[in-house]
Amino acid sequence: MPDPNRTYTEKEIAKLLERTAQLQADDVRDEQPSTSGLSLSELEAIASEAGLDPEYLHRAALEIESTGKKGFQNRTATHIHTQRFLSQELTEDVWEELVFELRRSFGSNSSIDMTGLGSFGNGVVEQIGRSREWRHTSPMGVHTSVLLRPYKEGTRIEMSQKVGAGSPKSEAIGYGFLLSILPAFILAVIFGKSLLVGAASFTVIMAMLVPLVYLLDMRWRDKKLANLESVAERLVEFANEKASLASPVVEPRLETSTTSGMLELEDEELAPEVVSAQRTKNRS
């Protein structure tokens with residue numbers, strides 16, 4: 001049993017807490033999964049007792065929460081969604097870099113948008129308070145929205161795309177119906193304008209097309225979601241790179257003033273005749 005009266009240093013306390021958490025995690029892993037944990041306020045109390053500044057605890061918690069975190073990846077009948085987190089607040093320089101990347105990824109420099117909806121062009125930028133949004137609509141009708149909002153001490157990136165007018169099933173039935181009408185009509189005409197042949201042909205063609213359209217639509221939506229995820233990762237990389245390149249402002253050293261002051265003090269210590277002669281020599 002360890003000595004209960006021993007006093008541990010701050011470094012030893014930090015190691016003790018880390019090792020304690022590791023031992024408990026190993027023990028829980030060997031037995032059964034557990035949902036127990038500690039809240040941020042409880043961690044603050046432990047950190048204070050260990051001599052650790054809560055400010056650094058907050059920064060560490062935000063880094064753990066934001067690093068590699070996707071937030072959620074969601075699909076609805078008509079939209080796809082993804083989310084990312086930045087550990088720093090959004091600045092003008094970072095936002096400018098992100099807008100250029102969004103234009104390269106989704107926009108097109110070949111046309112000018114006159115609708116105000118960001119259609120077929122570089123997109124539309126809007127700022128509401130501390131939140132910023134970029135919107136764009138492609139020629140295929142894919143509407144993209146990128147919203148950046150303050151989140152705790154950092155920034156949350158919410159991205160969404162409209163990838164369909166309805167669910168994949170409803171679109172498969174709709175497109176299958178439209179694509180089956182013309183071939184069925186042609187076959188009915190070929191076989192003596194037979195209504196029976198037309199109805200049978202329509203049923204068979206639609207039965208083949210609906211699953212095919214559904215499969216192609218799902219693959220297309222998967223591809224759009226993968227592309228959206230890729231762009232989201234690049235936005236995080238650009239933001240982190242921009243933040244890391246930001247250097248603190250260094251105040252200029254006043255060496256000239258200090259040197260000048262020292263010369264003046266030296267002049268005062270010399271005799272007036274010597275000072276006058278020195279200054280005359282310097283002017284010449």
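Structure above, values below:
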{"item": "Among (1) under 18 Å from Asp217 (Cβ atoms); (2) over 17 Å from the mean Cα position of the chain (by Cα); (3) assigned to a strand (DSSP E or B), the one test that Gln127 misses", "result": "(1)"}
{"item": "Candidate set: the range 235-261, residues that are in contact with a helix residue (DSSP H, G or I) (Cβ under 8 Å, 6 or more places away or on another chain) and at pLDDT below 90; chosen: the one farthest from Ser87 (Cα to Cα)", "result": "Ala246"}
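This table checks each residue for (1) modelled with pLDDT of 90 or more; (2) over 23 Å from Trp220 (Cβ atoms); (3) touching a Ser or Thr at 6+ places or on another chain (Cβ under 8 Å).
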residue: Tyr151; (1), (2), (3): no, yes, no
residue: Ile157; (1), (2), (3): yes, yes, no
residue: Ser160; (1), (2), (3): yes, no, yes
residue: Leu178; (1), (2), (3): yes, no, no
residue: Gly192; (1), (2), (3): no, yes, no
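The values are calculated or read from the model by the stated rules, or taken from the named source; none is laboratory data. All figures in this text were calculated on a predicted structure; none of them were measured in a lab. With ideal geometry, Cβ positions are generated from the backbone for all residues, glycine too; neighbour counts draw on all protein chains shown.
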